[in-house]
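A short worksheet on the structure shown next.
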């Protein structure tokens with residue numbers, strides 16, 4: 001497994017654990033009658049699980065499994081994938097913590113913009129690797 005894929009998948013696993021912990025805390029508080037800031041924590045919970053875990057894990061698997069290039073680095077340049085990882089994680093935290101900050105629209109909007117930038121950066125690396133079925137590494 002390439003290091004970039006491992007980094008994406010390990011970070012995704014971390015988000016899965018943190019997201020489940022927040023969800024369990026919200027569920028326990030609701031059942032035990034504790035008062036928590038439900039809406040901001042639920043939005044953070046959803047952001048961590050949907051974007052932080054699901055999208056990041058998908059990116060890691062796609063980077064690993066897409067066909068390799070016929071010449072040059074097998075999986076293309078690592079720069080766009082690293083940029084995607086950085087932008088996606090910055091975006092998850094900005095969008096997730098936006099509702100609890102003073103300017104949720106600005107902070108959350110910056111987070112969403114970073115997430116879109118992450119998808120675009122990942123696409124720069126992934127799209128050239130998409131080939132018809134049966135075309136191997138040596139065929140070009």
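For helix 38-47, what angle does its Cα long axis make with the longest principal axis of the chain, in degrees from 0 to 90 and rounded to 10?
That helix lies at roughly 10 degrees to the long axis.
How long are the semi-axes of the equivalent ellipsoid of the range 3-128, taking √(5λ) for every eigenvalue λ of the Cα gyration tensor, in whole Å from largest down?
On the way: eigenvalues 209, 53, 12 Å².
They are 32, 16, 8 Å, listed from largest to smallest.
Along the Cα-to-Cβ line of residue 82, 7 Å from the Cα, sits a label point; which residues in the range 1-25 have backbone N less than 20 Å from it?
1-12
Relative contact order of the range 3-128, please, whole-number percent, based on alpha carbon pairs below 8 angstrom and at least 6 residues apart.
On the way: 156 pairs, mean separation 33.8, N = 126.
Taking the mean separation of contacting Cα pairs over the length of the range 3-128, I get 27 percent.
What FRET efficiency do you get for residue 18 and residue 100 if R0 is 22 Å and r is their Cβ-Cβ distance, rounded to the nearest 0.05?
For residue 18 and residue 100, the calculated efficiency is 0.90.
Specify the angular offset, from 0 to 90 degrees and rounded to the nearest 10, of the alpha carbon long axis of helix 104-126 from the longest principal axis of the alpha carbons in the chain.
Approximately 20 degrees, to the nearest 10.
Using only the alpha-carbon atoms, how far is helix 3-32 inclined from the longest principal axis of the chain? Give it as 0 to 90 degrees, nearest 10.
Approximately 20 degrees, to the nearest 10.
None of the figures in this text is laboratory data; all of them are computed from the coordinates on show. It should be emphasised that the depicted structure is a prediction, and the values quoted were computed from it without experimental measurement. Glycine also receives a Cβ, built like all others from the backbone with ideal geometry; neighbour counts cover every protein chain displayed.
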